[in-house]
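The values are calculated or read from the model by the stated rules, or taken from the named source; none is laboratory data. Quick caveat, the model's predicted, so the values are computed rather than measured. Quick reminder, even Gly has a Cβ in these numbers, built from the backbone with ideal geometry, and neighbours come from all protein chains shown. Areas reflect the complete protein model, heavy atoms only, side chains present, ligands, DNA and RNA absent. Shrake-Rupley method; radii C 1.70, N 1.55, O 1.52, S 1.80 Å.
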Amino acid sequence: MDQPGRSRPLTAYQGDEPYVFVSYAHEDQDVVFPEIQWLNDQGFNVWFDKGISPGARWSDELARSLQESTLFLYFGTPNSVDSRHCQDEINLALDGDKPTITVYLQETELTPGLKLRLSSHQAIFKHELSDQEYRDKLITGISSHVQHEPGEYVANHPASNATVNTRSIIVKFGLLSAAVLAVGLLMFLQWGSDSTSITESVSDKQTVNKAKTGKGPADSEGAIRGISVAVLPFNNLSEDANKGYFSDGLVEDISTELSRFTELQVIPSRVTYPYRGTTDVLAAATELGATYVIVGSVRLSEAAVRINAQLIEVTTGRQYWTETYDREMTIANLFQIQTDVATRVAGTLADSTGVLNRVGSDKNRAVPTDELAAYDCVLRGYAYFALHDDESHLIARECLERAVELDPGYADVWALLAYMYREEFHHKRNLEAEPLKRASQTALHAIDLDPTNATARYAMALTQFSLGNFPAGMAQADRALELNPNDATLMAALAVYITHGGELDRGVELARRAQALNPLTPDWVHMVRAAAHYQKGEYRECLDAVSRWTQGRDAQWYFHKAAALGQLDQRQEAAVVLAELNRIDPSFAGDPIGELRRYLGREELVLLYLEGLEKAGLEVSARTTSE
């Protein structure tokens, strides 16, 4: 590789060393070429379509270059989503299990198919990051696949150039040393008195899972229930070897937070501890019986903490996710950093629409329902969370109905089936008789099977909201969030109804937390802010929130926008929105009050939105079935 800082001409790589294949839309070349040039300047070998030889067959040359590349780098923009060439390149890369990174240069709405396919691969949202954060993430992501000599790129963090008062260093070092000794003594006493006590207080769920599952969660007849995850001790890359206590605590916290997801078997950290320093992580994970292994490193300095984590599939060695967390460090926030990073790792990986469930859903999407185990049907349920359409709902519901017969004691299956029944009512998807009655009975059975199952409580909460019983719904929502505060998708959905219930500030805060936990949280989370602004009379802010909500534009999207426009007396624009609402949901015009009740639940809120819709030009004449 060329030395960094030595600018290389913008030409496609043609050698035999590992290289990055870049996919982009030609309309974006003015913004993509500087990115390619920057990667060239950092010493990376980059191939893009300017490297096709004159007279060569275009498609054959593209395919060969992609297949021989080490990494597929896709620059996501609205133009590239519309590009047939980019879609073909993405499909070829993913069908060939090519390591993939997507860089979103601007806010981009993917098609449902692209979103599902790309969601299990690393994504970098350049438009949401500072230039420094973006460069760090890009270098880290590419370097994990393509060889890159240490020191080629040095992050320009303020902490690295700052001059530090000598006395401050001495004081901080003394405090940090005291903290190390205190934590070390506590761990020693706990370990010495009872080798299981370090994790016993937080691993009840892990122990239950292990007892009922063995190497892979299963019932007494051996039906597969979920996957197993091992978090190996993180490498301590700090200059001071005594700072290993922080990485040990981080691993403990990640294991604990992951264990809140009942569909996972998390191998306790006390079991993975003996594998500290192993150079063969796949062999270690195989011995532990893990399906996936999480590995990482921690580097502490006086001013900062850098944590790197990776998720690897054990049987294939394929890396599905990597992330670097940089935090400014003080003695006061050291353990808060540990907690914060642990919850973000757990949320990103194990959330209902997180990496693990998306990978599993992607793998079994082509398998016929009658060939799937109960856990595979759980994955079909989680796939619906991401796709949220009629087809995926029907597939998931039928699979889960079969799964409760295959494994009647599996609470996760009953919980997701209850959610599918409630969705029949809420979105009129594949509607059959008495959906809320079936949803309530099925959720109750799931809770009876496992009172600690957060998804079951979630399904019951939504069902109660749809029944108009907000106090009961709130109680179930609170319990769901208490049992699992790391599932960002469930948190975002509950935030919608907590906001509908009138707890505006709490709903908005939960939505913010959901987005912080998992960057892949569906963007209908912006409905929370839209509803809060509308209820406060902040109609322009409501429209801004609606504009950020691009996925799943159902009736709710349209009536939020139309009502806000009506309140602002923008009737002409509102009429266009109302016409589109009536086109996608003709029943809304026939019974607007009934439809608003379906989505909002609370009568006071129904009347508030109806006021805006009438100002927008909606004629409310057919009230007979609603009043």
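Structure summary
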| quantity | calculated |
| --- | --- |
| Residue in segment 405-415 that is nearest to L264 (Cα to Cα), counting only those that are in contact (Cβ under 8 Å) with a residue 24 or more places away in the chain and either touching a Cys at 6+ places or on another chain (Cβ under 8 Å) or open to solvent by 30 Å² or more (accessible area, probe 1.4 Å) (or both) | V413 |
| Residues located in segment 583-600, provided they are surrounded by fewer than 19 Cβ atoms within 10 Å (Cβ to Cβ) and either within 34 Å of the chain's Cα centre (by Cα) or modelled with pLDDT of 95 or more (or both) | R583, I584, D585, P586, S587, G594, R597 |
| Single match in Y245, Y320 (criterion: open to solvent by 10 Å² or more (accessible area, probe 1.4 Å), aromatic (F, W, Y) and within 19 Å of the chain's Cα centre (by Cα)) | Y320 |
| Residues located in segment 260-290, provided they are of a type in the set (S, T, N, Q), modelled with pLDDT of 90 or more and open to solvent by less than 50 Å² (accessible area, probe 1.4 Å) | T272 |
| Filter pass, T463 being open to solvent by less than 20 Å² (accessible area, probe 1.4 Å), touching a Phe, Trp or Tyr at 6+ places or on another chain (Cβ under 6 Å) and among the β-branched types (V, I, T) | no |
| Positions within segment 528-541 being in a helix (DSSP H, G or I) and open to solvent by 10 Å² or more (accessible area, probe 1.4 Å), in sequence order | R529, H533, Q535, K536, Y539, R540, E541 |
| Residue in segment 324-331 that is in contact (Cβ under 8 Å) with a residue 60 or more places away in the chain and buried (at least 17 other Cβ atoms within 10 Å of the Cβ) present | yes |
| Residue list for segment 529-576, restricted to those being among the acidic types (D, E) and without any contact (Cβ under 8 Å) to a residue 24 or more places away in the chain | E538, E541, D544, E573 |
| Complete set of residues in segment 385-404 that are at pLDDT below 90 and open to solvent by less than 10 Å² (accessible area, probe 1.4 Å) | F385 |
| Odd one out for T339, checked against (1) open to solvent by 30 Å² or more (accessible area, probe 1.4 Å); (2) touching a Ser or Thr at 6+ places or on another chain (Cβ under 8 Å); (3) under 16 Å from A516 (Cβ atoms) | (2) |
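One line per residue, one yes/no per condition, for (1) at pLDDT 85 or above; (2) over 18 Å from Q515 (Cα atoms):
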| residue | (1), (2) |
| --- | --- |
| V295 | yes, yes |
| Y325 | yes, no |
| M329 | no, yes |
| A346 | yes, no |
| K363 | no, yes |
| A374 | yes, yes |
